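Asker: Would you mind keeping the following structure in view while I ask a few things?
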Amino acid sequence: QVQLVESGGGLVQPGGSLRLSCAASGSIFSIFRIGWFRQAPGKQRELVATITRDSNTNYLDSVKGRFTISRDNSKNAVYLQMNSLKPEDTAVYYCNTEPPRNSYWGQGTQVTVSS
């Protein structure tokens, strides 16, 4: 089946930007909705953004206007452009279908926003 691998995380200062990538080992065309999730230590996992096959998007209220999810079916990739980052954005970020499938969870990529 499709395997999803996250990358692009790192350490940035508040107000900085990062672009996360979600690379699929197979075609993502068959996946209708893909989402970016995040989980901070001691906190519940939350859905950050989703995108459908036809590029319809939805966002967590706290990231609206700052984050942009995109999808390139020809490259089997999903991206999350994160601007104006805040310390509260610090978390491990994962991509998965929405609703998520257990077999699709990967290692995630760490995003740390700190001065």
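No lab work stands behind these numbers, since they all come straight from the coordinates. Here the structure is a predicted model, which is why all the values come from computation and not from measurement. Here Cβ is always computed from backbone atoms with ideal geometry, including for glycine, and neighbour counts include all displayed protein chains.
Asker: Just need the relative contact order of the stretch 1-55 here, percent rounded to a whole number, with Cα pairs under 8 Å and 6+ apart.
Answerer: Values: 64 pairs, mean separation 15.3, N = 55.
That works out to 28 percent.
Asker: Can I ask one more? Using only alpha carbon pairs under 8 Å that are at least six residues apart, calculate the relative contact order of the chain and give it in whole percent.
Answerer: 37 percent
Asker: What's the magnitude of the charge dipole for the stretch 49-115 around its Cα centre, counting Lys and Arg as +1 and Asp and Glu as -1 at the beta-carbon? Answer in Debye, nearest 20. Let's see the in-between values first.
Answerer: Details: 7 positive and 6 negative charges, 25 e Å.
With Lys and Arg at +1 and Asp and Glu at -1, about 120 debye.
Asker: Run the dipole for the chain about the Cα centre, Lys and Arg Cβ at +1, Asp and Glu Cβ at -1, nothing else charged, and hand back the magnitude in debye, nearest 20.
Answerer: Working: 12 positive and 8 negative charges, 11 e Å.
Charge dipole of the chain: 60 debye, to the nearest 20.
Asker: Going Cα to Cα from K64, which lysines come in below 18 Å? Please leave out same-chain ones fewer than 8 positions away.
Answerer: In chain and number order, the partners are K86.
Asker: Further question on the same structure: At each listed q (0.16, 0.17, 0.21 Å⁻¹), what is the log10 of I(q)/I(0) that the Debye formula gives for the chain modelled as equal alpha-carbon point scatterers?
Answerer: Here the Debye-derived log intensity ratios amount to -0.66, -0.74, -1.14.
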